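Notes to accompany the following structure.
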Amino acid sequence: MSDTHAQTVAYVRDTMLDPKPAPANQSGAIQWLRENLFSGWLNTLLTVLGILAIYGFVSHFYGWFLHGVWNANSLAECRQIITDQYGQGATGACWGVIRDRWHQFIFGFYPPELYWRPILTFLLLFVAVGPVLFQWVPKKLIWFTPAYPFLAVWLLWGGSVWGPVLVALGFVLAYVVFNFVSRFGTIGGFAAGAIFAILFWLFGVSPLAEMLHAAIPLGIEPVESAKFGGFLLAITLGAGGIAMSLPLGVILALGRQSDMFLIRTFSVIFIEFIRGVPLITLLFVASLLLNYFLPPGTNFDIILRVMILVTMFAAAYIAEVIRGGLAALPRGQYEAADALGLDYWKAQRLIILPQALKISIPGIVSTFIGMFKDTTLVAFVGLFDPLKGIPDFIRADFAWKGIYWEPFIFVGAIFFILNFAMSRYSMYLENRLKRDHR
Amino acid sequence: MTEPHFDAQIDRSHMTVSDEVAIQIENMNKWYGQFHVLRDIDLTVQRGERIVIAGPSGSGKSTLIRCINRLEEHQAGKIVVDGIELTNDLKNIDKIRREVGMVFQHFNLFPHLTILENLTLAPIWVRKTPKKEAIETAMHFLEKVKIPDQAQKYPGQLSGGQQQRVAIARSLCMKPRIMLFDEPTSALDPEMIKEVLDTMIELAEEGMTMLCVTHEMGFAQAVANRVIFMADGQIVEQNNPHDFFNNPQSERTKQFLSQILGH
Ligand SMILES: Nc1ncnc2c1ncn2[C@@H]1O[C@H](COP(=O)(O)OP(=O)(O)OP(=O)(O)O)[C@@H](O)[C@H]1O
Ligand SMILES: [Mg+2]
């Protein structure tokens, strides 16, 4: 090697390297087992204990599941069939109760000849939420979404069409008032619109509905709230609560951050009070106390009352979840919005909330799931929820006296399916938004 | 000495300063709680002026320019922008913010919107420009900052320099008459600084009124017609760039220059 060569540049590459494939993955079932279940003595011990626990559980219950009886009309008949088939002392599930009473689990005491109404309402629910939840649903369908709640109320409770129409009209009027007054200030616009709407609903709706009904009697057979039960009740409360608690939660979260003392104080008190009190207390308030405060003779539906309190309950939690999302946004986002001349409401709507809500999705959906499950607590105010109200009622029948596990498992499974669907949707949404924004 | 990140040929033909006053600040004071952050600031900016504000960290440079579009509120004195006095009147604040564009150190693009949506948002919602027109304007300014092909991407997909150029374009879409820059290149890698400075030079050449907080002394020498030196919340010295750099008067300025220019 010559001196000159050694003195020149330290190193120069003259040929570039071609990319090579990555080393073949060490895969296979054995490899996976070793890495995941038996990687060390602690891991191995836990695996063995886990297997033992699963074995104990399965060996205890599989007979019960395996001996399940579908075709029976009473618990006694079930037991007879199991004894006949599997011998003395064999246990088995009696799914006959589900076959016999499924309609009560689903519809409560809704008149069977009108089952098509809740079914149609449920199907239309998907049409209404489709354009909100999924991008591939035609956006034109969105006009149906705001109309759906009124249609659903009418279909479920029946009666004159004018009641729901006038309540919807209240919203339209509130919007008109808001639009007019908000020229002098957005908050004032909100207040004026809300007060106007409430007055209209309290004093305008029923006389007007009667007049209109006298003139044009359009209606379907009414079904009273006492007839609601089972999943019809749970889903009505859950869907209503979800739809109303999100906007209320957003307003409370913004209120809590507001510069205006009164609004901030009100929001804080509302949130802390509602979160500090057990839901059952609120439900008792709904069922008992409100009766004292409302003017006598007003017929304020028990389901509506419960729905309002469930909504307030969920909204308080959602407000806190969203507050976390708001706090996670860098201050620069607010400053950029300000510097561009966006006012408070536009900045919130276009810049701040879309980002804060995106961060808050997991927390919001958790709250929804919790709330949906909590709708079963309405059993305590005498409504027929699917988990306690309906099974208690069924057990009151001599034929099914003493049946416990089967209703719980059936109702629990349906709750699981619905909640799991919500959970998966939230993950799908998170992923979609992540892909969009990155 | 900090390297000038651009070519020396700058077209000064449009960089004329008119008699018209763009910003008038009189005896302005600001406190953060008990901390007197801006003290007796007097500053008049003519239309078409390019002012560079320099000074040590914590001297109140950012606070000063953020008072001009009311990101910060001043407690005493007077600020008049484009003939409109800044008071608590929200209408005046809105009017001023429409006329004043601002570029931040950390870009502050909206990460959930595409580049094009970032640019059209304010024109559509604040200026009520028809959407089609807003898109045309946005594309025009994206071409100006030389990244029209990124219109459909999201900010997170762009490099820092590209993001800052988008931020400049976003401000320009509001057709502002005054632009404020708060250390627009401080968060950028050296090779990206030039592309952002080039964009700013182009703006200056078109006659934009600019107030720029920056440590890019090369930029100051080439583009500014006035350099303001701040320390402890006060304007300590102001002069044209040539005299400011070659013949500083106050001790603070000399000390600062020797530090920043590395002598
Ligand atoms: N929101 C605030 N509350 C209290 N003090 C603040 C606030 N913002 C800034 N300050 C203080 O005011 C002083 C001036 O801050 P400013 O950001 O204007 O300085 P600067 O000159 O821009 O500094 P830099 O070069 O580091 O950006 C600093 O001492 C800072 O700590
Ligand atoms: Mg600063």
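At-a-glance table
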quantity: Eligible lysines near A:Lys434 by straight Cα distance, threshold 18 Å, same-chain separation 8 or greater; calculated: A:Lys358, B:Lys153
quantity: 10 Å Cβ neighbours from other chains, averaged over peptide B:89-99; calculated: 2
quantity: Diffusion coefficient, µm² s⁻¹, Stokes-Einstein with Kirkwood Rh over alpha-carbon pairs of the range A:370-437 at 20 °C and 1.002 mPa s; calculated: 152
quantity: Inter-chain shielding of A:317-327 (mean C-beta neighbours from other protein chains, 10 Å cut-off); calculated: 0
quantity: Total accessible surface hidden between A and B, rounded to 100 Å², 1.4 Å probe; calculated: 2000
quantity: Residues losing 40 Å² or more accessible surface upon assembly, the range B:167-212, compared with the chain by itself, 1.4 Å; calculated: none
quantity: Quarter of Cα convex hull surface for the range A:14-151, i.e. mean projection, nm²; calculated: 21.2
quantity: Local electrostatic count at A:Ile251 - Lys and Arg +1, Asp and Glu -1, tallied over other residues with Cβ under 15 Å; calculated: +3
quantity: By average C-beta atoms within 10 angstrom, highest first, the peptides A:12-19, B:207-214; calculated: B:207-214, A:12-19
quantity: Fluctuation leader among A:Ala29, A:Ala214, A:Ala315 - chain A, Gaussian network, Cα springs under 10 angstrom; calculated: A:Ala29
quantity: Measure of compaction for chain B (Cα Rg per 2.2 N^0.38 Å); calculated: 0.99
quantity: Rg/Rh (Cα only; Kirkwood hydrodynamic radius) as it applies to the range A:75-212; calculated: 1.26
quantity: Exposure of A:Ser74 as accessible area (Å², to 10), given a probe of 1.4 Å and all protein chains; calculated: 20
quantity: Average partner coverage of B:120-127, which counts Cβ from other chains inside 10 Å; calculated: 4
quantity: Net charge, B:Arg98 excluded, C-beta distance under 9 Å - Lys, Arg +1, Asp, Glu -1; calculated: +2
quantity: Helical contribution to [θ] at 222 nm, DSSP H n ≥ 4, -39,500 (n - 2.57), averaged over chain A, rounded to 500; calculated: -22000 deg cm²/dmol
quantity: Where only alpha carbons of the protein assembly as shown are counted, the Rg and the Dmax (Å); calculated: 34.7, 113
quantity: By accessible area with a 1.4 Å probe, ligands and nucleic acids excluded, highest first: order of B:Met192, A:Met427; calculated: A:Met427, B:Met192
quantity: Square roots of 5 times each gyration tensor eigenvalue, C-alpha, the range A:249-380, largest first, Å; calculated: 33, 17, 12
quantity: Environment charge of A:Phe270, counting only residues whose C-beta is closer than 12 Å and scoring Lys/Arg +1, Asp/Glu -1; calculated: +1
quantity: The range B:1-96: Rg to Rh, with Rh as the Kirkwood radius over Cα pairs; calculated: 1.04
quantity: A:Trp405, A:Trp64, ranked by accessible area, largest first (probe 1.4 Å); calculated: A:Trp405, A:Trp64
quantity: The protein assembly as shown, accessible surface, carbon-and-sulfur percent (1.4 angstrom probe); calculated: 64
quantity: Average accessible area per residue (Å²) across the range B:1-124 - probe 1.4 Å, nucleic acids and ligands excluded; calculated: 44
quantity: Candidates A:Phe368, A:Phe270, A:Phe61, ranked by Gaussian network fluctuation over chain A, Cα under 10 Å, top entry; calculated: A:Phe61
quantity: Cα-only Debye scattering, the range B:148-263: base-10 log of I(q)/I(0) at q = 0.18, 0.19, 0.22 Å⁻¹; calculated: -0.99, -1.07, -1.30
quantity: Theoretical ellipticity at 222 nm over chain B - DSSP helices of four or more residues, -39500 (n - 2.57) apiece, nearest 500; calculated: -11000 deg cm²/dmol
quantity: Loop sites in the range A:300-333: chymotrypsin sites (Phe, Trp or Tyr not before Pro), DSSP, at most 13 other Cβ within 10 Å; calculated: A:Phe300
quantity: Residues of type lysines that A:Lys140 reaches as a straight line, Cα spacing below 21 Å, ignoring anything fewer than 8 places off in the same chain; calculated: B:Lys131
quantity: Which listed pairs, of A:Lys139/B:Lys175; B:Lys194/B:Lys254; B:Lys95/B:Lys194; B:Lys132/B:Lys175; A:Lys227/A:Lys373, have C-alpha distances above 23 Å, in listed order; calculated: A:Lys139/B:Lys175; B:Lys194/B:Lys254; B:Lys95/B:Lys194
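The values are calculated or read from the model by the stated rules, or taken from the named source; none is laboratory data. Only a predicted model underlies this, so the values are computations on that prediction, with no experimental measurement involved. All Cβ positions, glycine included, derive from the backbone under ideal geometry; neighbour counts span all protein chains shown. Surface areas here come from the heavy atoms of the whole protein model, side chains and all, with no ligands, DNA or RNA. Shrake-Rupley method; radii C 1.70, N 1.55, O 1.52, S 1.80 Å.
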